[in-house]
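**Student:** Structure below; questions to follow.
The values are calculated or read from the model by the stated rules, or taken from the named source; none is laboratory data. Please read these numbers as outputs of a predicted model, since none were measured by experiment. Note that each Cβ is placed from the backbone with ideal geometry, even for glycine, and that neighbours are counted across all protein chains shown.
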Amino acid sequence: MKSRITKRFELLQAKQEKALITYITAGDPDLNTTQQLVLEMEKAGADIIELGIPYSDPLADGPVIQRASQRALAGGANIDTIFQLVESIRRDTEIPLVFLVYFNCVFKYGLERFLNKCHRKGIDGLVIPDLPLEERSELQNMMQQYAIDLIPLVAPTSEERIKKIVANASGFVYCVSSMGVTGKRNSFDVDLAGFVDKVKKHTNIPAALGFGISTPETVEKLKNQCDGLIVGSAIIEKIEEGLKDNTITENVCSFVKKLDEAKNIA
């Protein structure tokens, strides 16, 4: 059974388009705003949306997303309320939804219970930044009965491990475009085209670039080097700016529209 993620990439590839993948933290600043942002980002051009499950010790996240997690946790967001949010979102859209979640959250919730709820509520993929390659087989085996993709992260330093990391992967490969934590970057030291080529030697599934992609100009520059582009911290900053004058949705949607236009420039 194909996931919504796979179907969306197939549709985009048939049209020779790239995927715009946007990230927000679920519950930042509240769950109602998150629901509204998902629906409005889709209208603005997002193809896939990542929802971060807020966590108190997010290893891969920079200060912008850490602040988003703190706001969400302070507002009472937790896994159960986020599943309720996803169920509500699914009444209005079939856009592919991905959880970015730390493994300790999944483990404490219960692997089978978590996967079953993802399946029933409408989550299509999982990105788990702290799940080591050597420890993912149990979860991967359990996920085979659901149309949920376990999306691997591959870094430029992965080198000889790339083949193992992408083995049996589905959905897309999350290619980390820069070292360190999430956040805006003005430039990239890595040969990203060469990096993506290395990844695609070992898998046929799409490769999306993330970490540091923060402007329409960067999207336009990198779109021909991958199958999709992931933007997170820059969107969270638009949320933060909107907190001051209640313009969150307007700020985010205007920005996402510009990102979408950039990825579609011939």
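**Student:** Does the range 102-113 include one or more residues that are at pLDDT 95 or above, in a loop (DSSP other than H, G, I, E, B) and surrounded by fewer than 16 Cβ atoms within 10 Å (Cβ to Cβ)?
**Tutor:** yes
**Student:** Go through the residues of the range 76-95 one by one and say whether even a single one is within 25 Å of Gly212 (Cα to Cα) and surrounded by 23 or more Cβ atoms within 10 Å (Cβ to Cβ).
**Tutor:** Checked against the condition, which is being within 25 Å of Gly212 (Cα to Cα) and surrounded by 23 or more Cβ atoms within 10 Å (Cβ to Cβ), the range 76-95 yields no hits at all.
**Student:** Is there any pair linking a residue in the range 108-125 that is touching a residue at least 40 places away in the same chain (Cβ under 8 Å) to one that is of a type in the set (Ser, Thr, Tyr), with Cβ under 9 Å and at least six apart or on different chains, and which?
**Tutor:** Once the first residue is touching a residue at least 40 places away in the same chain (Cβ under 8 Å) and sits in the range 108-125, its partners that are of a type in the set (Ser, Thr, Tyr) give Asp124/Ser3; Asp124/Thr6; Gly125/Ser3; Gly125/Ser170.
**Student:** Turning to a different aspect of this structure: So, Ile123, is that one touching a Gly at 6+ places or on another chain (Cβ under 8 Å), in a loop (DSSP other than H, G, I, E, B) and modelled with pLDDT of 95 or more or not?
**Tutor:** no
**Student:** For Ala266, which of the numbered conditions (1) surrounded by fewer than 20 Cβ atoms within 10 Å (Cβ to Cβ); (2) assigned to a helix (DSSP H, G or I) fails to hold?
**Tutor:** All conditions are met except number (2).
**Student:** List pairs: first residue in the range 126-145 and assigned to a loop (DSSP other than H, G, I, E, B), second residue hydrophobic (A, V, I, L, M, F, W, C) and at pLDDT below 90 anywhere in the structure, Cβ distance under 9 angstrom, at least six positions apart or on different chains.
**Tutor:** Sorted first by the residue in the range 126-145, then by its partner, the pairs are Pro129/Leu59; Pro129/Ala60; Asp130/Leu59; Asp130/Ala60.
**Student:** Does Ser3 qualify as being free of Cβ contacts under 8 Å to residues at least 40 places away in the same chain and of a type in the set (Ser, Thr, Tyr)?
**Tutor:** Against the criterion (free of Cβ contacts under 8 Å to residues at least 40 places away in the same chain and of a type in the set (Ser, Thr, Tyr)), Ser3 does not qualify.
**Student:** Considering only the range 204-249, state which residues are part of a loop (DSSP other than H, G, I, E, B) and touching a Pro at 6+ places or on another chain (Cβ under 9 Å).
**Tutor:** Answer for the range 204-249, where residues must be part of a loop (DSSP other than H, G, I, E, B) and touching a Pro at 6+ places or on another chain (Cβ under 9 Å): Cys226, Asp227.
**Student:** On to the next question. Within the range 23-43, work out how many residues are in a helix (DSSP H, G or I), of a type outside the set (A, V, I, L, M, F, W, C) and in contact with a strand residue (DSSP E or B) (Cβ under 8 Å, 6 or more places away or on another chain).
**Tutor:** Here the count works out to 2.
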